[in-house]
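Since the structure comes first, as structure tokens, the remarks are kept for the end.
Read the figures in this text as sums done on the coordinates, not as results from a lab. What you see is a predicted model; the values in this text were computed from it and never measured. Glycine also receives a Cβ, built like all others from the backbone with ideal geometry; neighbour counts cover every protein chain displayed.
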Amino acid sequence: MCRKKSFLLMILSVCAISYASQNDSESTLPTNEKGKPWESWDRYRKQMIEISEQLGVTCTYCHLPKNYKDNSKREFQIAKKHIEMVELLKNQFKETLNNKMDCYLCHKGQAKIEAKKN
């Protein structure tokens, strides 16, 4: 009986440690395009919501529901490259675009850009 209690206590301890490490906001805070951690979840979440609205999609279009950091979805990989591209364009053409560079400029609320026919 004592062995069963010890085993159960050990399992619960491992689960608690695992859960605590997964929910430590500092260690799970995503990084920006330069590999530096975001200052806050609020800022990161706000940007993700803006992007999803500009593309007319929900979070799961790019992210796996059980692991938002997983980059195995093709859409995630494309989005990451597009975010880097938008940041580059913002920096290169700051005065020309008046900081109006975002996903909507090309996507117009659609995940896939409509090809313009001549």
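The phi-based Karplus calculation (6.51 cos²θ - 1.76 cosθ + 1.60; θ = phi - 60°) puts the 3J(HN,Hα) values of region 86-98 at 4, 4, 4, 5, 4, 6, 6, 10, 3, 6, 5, 8, 6 Hz, whole numbers, x for Gly and Pro.
Extending 7 Å from Cα along the Cβ direction at Asn67 and again at Arg43 yields two label points whose distance is 2.8 nm. Residue by residue, region 101-115 carries 3J(HN,Hα) couplings of 7, 7, 4, 5, 3, 9, 7, 6, x, 10, 5, 9, 6, 6, 6 Hz when phi is fed to the Karplus relation 6.51 cos²θ - 1.76 cosθ + 1.60 (θ = phi - 60°); x denotes Gly or Pro. Rounded to whole numbers, the Karplus 3J(HN,Hα) couplings from phi for region 43-54 are 5, 4, 4, 4, 5, 5, 5, 4, 4, 5, 5, 5 Hz, using 6.51 cos²θ - 1.76 cosθ + 1.60 with θ = phi - 60°, and x at Gly and Pro.
Proximity of backbone amide H atoms, modeled 1.01 Å from N, is registered between Leu64 and Asp70 at under 5 Å, excluding neighbours fewer than 5 places apart on the same chain.
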